[in-house]
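One structure below.
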Amino acid sequence: MRKALLSLAAVVLFAPFARAESFVLDAAHTRIGFGVKHMVVSNVQGEFQKFSGSFELDAKNNLASAEATADIASINTRDVKRDTHLKSPDFFDAAKFPEMKFVSKKVMAGDGGRYTVIGDLTIKSTTKSIILTGEMFGPIKGMMGETRVGFHAEGKINRKDFGVNFHKALDSGGLVVDDNVNITLDIEGTPKGWVPPAPPAAK
């Protein structure tokens, strides 16, 4: 009897965790973006085009954890000269520090699918805690029967906290490149291990 009660207790305690599901980022439908003020008057947008990542939903389909890595050399602001400068030691120093990484530490769910995620962001070997706030969409069934989950999230960092220290002031007193960087994430994920079916053979 005692063994049966212990077995039942184990099922009750651990069954929810067994139903947690892991997802990987769908690169074709994900954007790791940022924006930064240029010369006080405009906001330059950019993104990292090569990245990988994953996240996990718990038994109640709430976000439980997330992590992602971006390839610094894949930065794209739609200007080759500017991108080359951003990859130089003045900014990210991509040759020496090829990756940027985020790992969540705490996830807090709010109303209506809203989330606050606290995690560690590492740039140029410097790790700082940052806050991302956003919204979850799904889960839904995709066109091939797969589960899909989406997120939109935003945050803000000071680039100099991570050793991205390029500094040039305007005669008017503003900065050529602002210290504050806005992060914008639009993420879509599919279950880990899911492989799209091969297209039908041509006749």
Taking the Cβ of F97 as the center, what net charge do the other residues with Cβ under 14 Å away carry, scoring Lys and Arg +1 and Asp and Glu -1?
+1
Calculated FRET efficiency, A59 and T122, Cβ-Cβ r, R0 41 Å, to nearest 0.05?
0.85
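Quick one: compute a quarter of the convex hull surface over the Cα atoms of the stretch 19-191 and quote it in nm².
So the Cα hull casts an average projection of 11.0 nm².
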Search the structure for amide H atoms under 5 Å from the amide H of A64, placed 1.01 Å from N in the peptide plane, and list their residues when 5 or more places away or on another chain.
E56, L57, D58
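Readers should treat all values here as calculations from the given coordinates under stated rules, not as data from a laboratory. Treat the numbers as computed from the prediction; the structure is a model and nothing was measured. We place every Cβ from the backbone using ideal geometry, glycine too, and count neighbours over all the protein chains shown.
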